[in-house]
Amino acid sequence: MIRSLHLAVLCAIALVLIPVQSFAGLPPNDECVNAVTLYPNNPCIYIPGTTEHGTQSLPPYQCAFGTNPLLAIDVWYKFTATDALHWVNINAGMNFEAAATLYTGGCGSLTYFGCVGDTVPGGGNVGSPFFTTPGTVYYIRVYNEVALPWDYDFSICVSGSAQAPVNDDC
């Protein structure tokens, strides 16, 4: 009886002490093969994202300031280029040092294409233009460069270069 009571108390304490996140699942786009499709828009339409509960797919790529050489919890996105120029933009909180690394090829044979990262301490927004080939699929790996454990959320969008209106002839 006492042994059962001790076991019940220990289980109750363990449930309180184990963080709730350990029971949560991985983000659906935790790996490249499950990359969320983004559609280039003008103006850019942001969609929410998070790296919370994610894992590291690849070693960190030092894109900008202070990349943590040990850890880069990431999530994946992809888009098909519709233009010769696209902007990749990330809005993030003050403790999310946003980085986005772009790749071409397939998930099993990614080729580095470019990256954009936060260039000043303190998190915030990043964005960069990339010269792209229309019809090519680009994979975007988003991660927090300094892997601060308390900020996981961001929003991302891809925009193409401005298109001339259909009726711009005189």
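A few comments on the model shown:
- Modelled FRET efficiency - R0 35 Å, residue 131 with residue 52, Cβ distances, 0.05 increments: 0.60
- Near residue 114: Cβ cut-off under 15 Å, other residues only, Lys/Arg at +1 and Asp/Glu at -1. The net charge is +2.
- Candidate residues 52, 97: accessible-area rank, largest first, probe 1.4 Å: 52, 97
- The listed residues 26, 102, 85 rank as 26, 85, 102 when sorted by accessible area, largest first, using a 1.4 Å probe.
The values are calculated or read from the model by the stated rules, or taken from the named source; none is laboratory data. Nothing here was measured: the structure is a model prediction, and the numbers come from that model. Glycine also receives a Cβ, built like all others from the backbone with ideal geometry; neighbour counts cover every protein chain displayed. Side chains are part of the model used for accessible areas, which takes the heavy atoms of the whole protein and leaves out ligands, DNA and RNA. Shrake-Rupley method; radii C 1.70, N 1.55, O 1.52, S 1.80 Å.
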